[in-house]
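Data first, discussion second: the structure below is written as structure tokens.
The values are calculated or read from the model by the stated rules, or taken from the named source; none is laboratory data. Just so you know, these numbers come straight off a predicted model, no measurement behind them. For neighbour counting, all protein chains shown are included, and Cβ atoms are generated from backbone atoms with ideal geometry for every residue, glycine included.
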Amino acid sequence: MKLKVMLTAATAALALTTGAAMADAVKIGIAAEPYPPFAAPDAAGNWTGWEVEIANAICAAEEMECEITPTGWDGIIPSLMGEQIDVIMASMSITEDRAKKIDFSDYYYKTPAVIVTAKDSGITPDADGLSGKILGVQASTTHQAYANAHFEDVASEIRVYQTQDEANQDLYSGRIDAVQADSIAMADFIDSDIGGCCEIVGPVADDAAILGNGVGAGVRKGDDELREKLNAGIAKILEDGTHDEITKKYFSTSIYSN
């Protein structure tokens, strides 16, 4: 799926410097694994969702031609560094570890990490509550890193899944006791047909060093022109209400906190 916006002559004249050449379509890398309501393919195979719309809105605000490019989550940073994509917009938290490899835009959403269990499980979102339990997390995420740091010594197992949907299915089926994931993504699961089995029991204690400071767009080190354009686009859609307008289509509350 592409959002095509004609570049102005002035913009095109400036588009010959660092990183991704602005005269070419900017490839926006999203995770190839569905992650509703942020990104998922529709019946026709077109990618839709909150994060897809936000990416397109940022591109439109900065008069960039952009192309949504699904990329396997495990290889999304190598794909950026190898220039198969130009930007990562895949609910990637801004963390110190990732910032050693790539640069980030300002954050465009920020929500807590939560623990979800079967209803009335009695499990709490802390080490005591997860003692002796099987906790599911998605591979190569801040949630996996957090679980390893805070729950590895108490949980009977930290079970790692390639997609969040696989973890959710095992929670529904009773094969695991809990999952840790983003609050908004899990609220969408709770509202689904199978999610009625379960409930969010609360957020985990904050650990900014692992969980980061919100979700931003990732670019290659030194690609300052593109990063600055993304920052400008984020600021514009926040200021003109586009961010709120898109958010209201998917969520009942704001997912951007200062």
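Per-residue answers, yes or no, for (1) assigned to a loop (DSSP other than H, G, I, E, B); (2) assigned by TED's automatic domain parsing to the domain that holds Asp188; (3) at pLDDT 50 or above; (4) of a type in the set (A, V, I, L, M):
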| position | (1), (2), (3), (4) |
| --- | --- |
| Leu7 | yes, no, no, yes |
| Thr11 | no, no, no, no |
| Ala15 | yes, no, no, yes |
| Gly19 | yes, no, no, no |
| Asp24 | yes, no, yes, no |
| Ile28 | no, no, yes, yes |
| Glu33 | yes, no, yes, no |
| Ala40 | no, no, yes, yes |
| Gly45 | yes, no, yes, no |
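For Arg175, the stated conditions hold: it is among the charged types (D, E, K, R), in a loop (DSSP other than H, G, I, E, B) and at pLDDT 95 or above.
Taking the conditions exactly as written (assigned to a helix (DSSP H, G or I) and touching a residue at least 40 places away in the same chain (Cβ under 8 Å)), does Asp126 satisfy them or not?
no
No other residue among Ala118, Ala145 is closer than 28 Å to Glu51 by Cβ, at pLDDT 95 or above, of a type in the set (A, V, I, L, M, F, W, C) and surrounded by fewer than 21 Cβ atoms within 10 Å (Cβ to Cβ) apart from Ala145.
The condition of being surrounded by 16 or more Cβ atoms within 10 Å (Cβ to Cβ) and modelled with pLDDT of 95 or more holds for only one of Ala127, Ala167, that being Ala167. Put simply, of Ala149, Ala127, Ala155, Ala139 the only residue that is in contact with a His (Cβ under 8 Å, 6 or more places away or on another chain), outside the structural domain of Arg220 (by TED's automatic domain parsing) and not basic (Lys, Arg) is Ala127. State the number of residues belonging to the range 32-49 that are aliphatic (A, V, I, L, M), crowded, with 20+ Cβ neighbours inside 10 Å and in contact with a Ser or Thr (Cβ under 7 Å, 6 or more places away or on another chain). So the count comes out to 0. Being more than 18 Å from the chain's Cα centre (by Cα) and in the same structural domain as Met89 (by TED's automatic domain parsing) is a property that Leu226 has.
Does the range 69-78 contain any residue that is modelled with pLDDT of 95 or more and among the charged types (D, E, K, R)? The answer is no; no qualifying residue exists.
If you go through the range 77-93 and keep only what is buried (at least 22 other Cβ atoms within 10 Å of the Cβ) and hydrophobic (A, V, I, L, M, F, W, C), you end up with Leu80, Ile85, Val87, Ile88, Met89, Ala90, Met92.
What about Asn231, is it in a loop (DSSP other than H, G, I, E, B) and closer than 20 Å to Ile54 by Cβ? No: the conditions fail for Asn231.
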